[in-house]
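First up is the structure itself, then whatever we jot down about it.
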Amino acid sequence: MSGPSSSEQLTKPTVEPNTSTIALLGDHFTKLIAVVEKLNVTMEGQKSTMEKVESTLIDHGKKFDILTMDASKNDQPYDQKDLDDESTCMALYDMVMAKTKEKADEWKETMEVTLIFIALFSAVLTAFLVPATQALLPTSSNSGNPTSSSLPPQPPRSAEVICAFYYLSLIIAIMIAVLCALGRRWVRKLTIRPDVRTWREKMLWHIERMRRAEGWLQTLMEVIYWMLLSSIALFMGGLLYQLWHVSQLFEERASILLSTWALGVIFVCSIMLTMISTTYHAVRYQGSVFEGLISRVIVGEVEVGFPNHVGIIWTWFEKGVATGGKWAVKMEMKQSLAHGWSWIRRVKPADFLRRQGRWIQVLTRKWSKSFGTTVANIQWINLMKTMNVAKNAREWIKRNRLKIGCDSNDSENLFATYLDQIAQASDPILLDRAVASLSYQDWVLYGGKSMDQLQKAYARLMATDTSSRVKETVTSQISRFRSWIPERREQIERDRISRALGELLAKDADEYFLAREEEREKEAQQKEEEESRTIELTNFLVRQRTDDSLSPFFDTTGENCTDILDLISLPFERFVAKCLCIKDHDDIDLGDHHSIFFWSVNYCDDLLRANRRDEVTRILSHVDIFSTVRSFALAHSYYLWYGPVLKLIIADRKTDILHLLNDLLSTPRDRPNLNSGCVSAAFVIAAGSPPQLPSHLDLSPIIGHIAQHPSWVNWREISDAVIAYLVQCDMPTLSARSALAVYEFLRQCVDTELCDYDGIPCYSNEKTVHAAQTLLDQYQGLLIPLPPPSPRSESITLTEESSESLDDDSCSFPLRRT
């Protein structure tokens, strides 16, 4: 057997690896399919998740659209609807039902209280009624033979009267209880919804039902009230009569019982007098809490018949008497015909007329004669006079009744009421609804009698439980009041001119203007009071600023109240920023400018010390840099803590500040002397550290001022900066004025005994002293020919006591501009 061929040997080992590879690939392919299936499942899950997310987003989008539509509806009008629309009729029904429930609750409460009282009163009444009833019956000793059939004798008249009083009182009390029970049932039916289909029908049904029942129920309340009084009066009458009768049954007078009876009579009379006085109060004063049926009848608010229709009744009777006979004949004939119509139809007309005609004629004559006699016997004139007197009395009462001026234009009373109610309000929601009517100008015009009212109302509106909207509304009233003042003053000026013209015409004996002299004086006095109230109100508003220490230093006058109002109406940060510039506006007196400026800088320094630099930065973002630097230069004194604040103000505007200081120190000013410490501090900050002063800028005004007013606080820094500037500048090009200022400053630098105005030594750096001496030696020929001035030479006039401010619109007063 031969071995395998070479071709077989070559292919066999190749076939086996391919099979294993295929198997391996099959396993990988299977795993790949499984992974793909898992990926498909994952993708399906993600797809369903994305669908859910998309559905959620769509749902949220729809809700957001609904919210947007609801929010936009607040600014859009409602769609037009018909008058009989169901939603409109439903709203009207609810309004009517709310009023009905209010009245029904009042009636129910009255009847419930009456029922409780009647129950107690009936128990007390029964306790008195039982022994009074027993007193009517004979006792066993007086009744004789009990087997006798004879009736007992008649009881005493006094016992009958006492029982009558008690029984009538009890009967009326029971009737009151019955009426209250029925009334509660009737009132309850008023609040039951009508059983009809539409809201329109329900509304009309309920309105008509209420209109028909309201008068009867009000009458029921009055009847119950007077029946209750009648029951109590009967009980008290019986009680007093019984007490009087008992006191007369003894041989001698029972003085204690009689005294008790008299005291009881006094109490009853006092109650009667109380009712009479309260009725008088209700008649005399409109809106009295004692108002009742009698008072309304007296003043004519309730129609009771003849007194309101005297003229009509009189006319009717005049005509009625003249035509009474004819009317009576017609009525009698109608009655006769009505009763005998069936019989008349059964008889012949001839027989009926023959038999009944004479009878009808006689009967009519008798009735007419009787009616005429009755009418003639009535004293019509006296009756009509009495009714005329009642009518005239009612008209007199109406004319002299003190009415409530709720419909008058008494603005002073209205504003006082407004402030009182605001001060006593306990619900913050009500304050949100009422705060919009607050007006400081109304207080000046109408409410200036008392500041306490305004202060209480202001404290309530600015309390912690009120909303921020309320507080902002109160704050905004300051700016409105400020804008009103100029308008009012223009009106006052026009009125003053008109009064002056009237006085001139009055001097010419013009009767019209002479008659109005008192009116003009009163008007002038009112205008003066308005001005004083304006100042008083401005002071009050300034005192309400409890968040700062600056407001107490403002002094309000008639000329500056608008400017002060401008300041206090600003937000606090802008308010402090304006106070930093106040020294630059000394031409308008707002109070103690020195203290205002001092405390405003001190406030900023306190913030810096408390690491609240951002707040200081926000404050300084509202300031005018040039105006603020001028305010520092004009400050009364310089304190060390001014430096950090001034440094933040200058920041990177150093060159601009150097130009400002040059202009400030070289321009004549009609202001007090500049503060050398503040000027020097501003110059040191503007020079920088190390000093970097522009060589092309002529700083001789600044150098001259520093030489004239040296300050120990920063003399070392100043001398270093100025010497560095002089070293790099071209000295031969200096003018005579500049050379004199430089010479004076160099002499002070080399003076080791230099002191400021307070006698404090001013020390310079050794290098600075050496550089200054070098400059003196180097430019001796340039500086020596000049007359050597003394250290306090008055020939140096480089600086004046004050200088004009830069021509910048943003720096000009009023301070409210930013």
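The values are calculated or read from the model by the stated rules, or taken from the named source; none is laboratory data. This structure is a prediction, so every number in the text was calculated from the model and none was measured. Cβ coordinates were reconstructed from backbone atoms using ideal geometry, including for glycine residues, and neighbour counts include every protein chain displayed.
Could we say that Asp75 is surrounded by 13 or more Cβ atoms within 10 Å (Cβ to Cβ), more than 18 Å from Leu220 (Cβ to Cβ) and modelled with pLDDT under 85 here?
Working: surrounded by 13 or more Cβ atoms within 10 Å (Cβ to Cβ): no; more than 18 Å from Leu220 (Cβ to Cβ): yes; modelled with pLDDT under 85: yes.
When the stated conditions are applied, Asp75 does not pass them.
Tell me the residue from Ile207, Ile224, Ile192, Ile174 that is in a helix (DSSP H, G or I) and over 30 Å from Ile276 (Cβ atoms), please. Don't jump to the end; show me each part of the working.
Working: Ile224 fails: over 30 Å from Ile276 (Cβ atoms); Ile192 fails: in a helix (DSSP H, G or I); Ile174 fails: over 30 Å from Ile276 (Cβ atoms).
Exactly one of Ile207, Ile224, Ile192, Ile174 is in a helix (DSSP H, G or I) and over 30 Å from Ile276 (Cβ atoms), namely Ile207.
Kindly list the number of the only condition in (1) under 25 Å from Leu608 (Cβ atoms); (2) at pLDDT 85 or above that fails for His659.
Every listed condition holds for His659 apart from (1).
Which one of Leu697, Leu648, Leu658 is surrounded by fewer than 18 Cβ atoms within 10 Å (Cβ to Cβ), in contact (Cβ under 8 Å) with a residue 12 or more places away in the chain, assigned by TED's automatic domain parsing to the domain that holds Asp756 and in a helix (DSSP H, G or I)?
Leu648
Can you name the helices (runs of 4 or more DSSP H) wholly within region 727-804 that have at least 2 residues being under 23 Å from Val679 (Cα atoms), of a type in the set (A, V, I, L, M, F, W, C) and at pLDDT 70 or above? Before you say what the answer is, go through the steps one by one.
On the way: elements: 736-750, 766-778, 780-783.
In region 727-804, the matching helices (runs of 4 or more DSSP H) lie at 736-750, 766-778.
What helices (runs of 4 or more DSSP H), lying completely within region 556-628, carry at least 2 residues that are under 23 Å from Tyr639 (Cα atoms) and among the aliphatic types (A, V, I, L, M)? Write out each step before concluding.
Working: elements: 561-568, 572-580, 593-609, 613-620.
Of the helices (runs of 4 or more DSSP H) lying wholly inside region 556-628, those with at least 2 residues that are under 23 Å from Tyr639 (Cα atoms) and among the aliphatic types (A, V, I, L, M) span 572-580, 593-609, 613-620.
Checking the structure you have, find out if any residue of region 466-478 is outside any helix (DSSP H, G or I), surrounded by 14 or more Cβ atoms within 10 Å (Cβ to Cβ), among the β-branched types (Val, Ile, Thr) and modelled with pLDDT of 80 or more.
Scanning region 466-478 turns up at least one residue that is outside any helix (DSSP H, G or I), surrounded by 14 or more Cβ atoms within 10 Å (Cβ to Cβ), among the β-branched types (Val, Ile, Thr) and modelled with pLDDT of 80 or more.
Restricting region 515-549 to residues that are surrounded by 15 or more Cβ atoms within 10 Å (Cβ to Cβ) and modelled with pLDDT under 75, which is farthest from Ser450 (Cα to Cα)?
Applying the filter and picking the extreme gives Arg516.
Give region 564-618 a look and list any residue that's closer than 16 Å to Leu646 by Cβ, among the polar types (S, T, N, Q) and surrounded by fewer than 23 Cβ atoms within 10 Å (Cβ to Cβ), or say none.
Correct list: Asn602, Thr617.
List pairs: first in region 418-429 and over 8 Å from Arg460 (Cβ atoms), second small (Gly, Ala, Ser), Cβ under 7 Å, 6+ apart or cross-chain?
Here the result reads Tyr418/Ser437; Leu419/Gly447; Leu419/Ala457; Pro428/Ser467, each pair linking region 418-429 to a residue that is small (Gly, Ala, Ser).
Restricting attention to region 399-421, report how many residues are at pLDDT 75 or above, loosely packed, with under 11 Cβ neighbours inside 10 Å and not polar (S, T, N, Q). Spell out the reasoning first.
So the first thing to find is which residues in region 399-421 are at pLDDT 75 or above, and the list is 399-403, 411-421.
Still in the list and also loosely packed, with under 11 Cβ neighbours inside 10 Å: 399-400, 402.
Imposing the further condition that a residue be not polar (S, T, N, Q) reduces the set to 399, 402.
Qualifying residue count for the region: 2.
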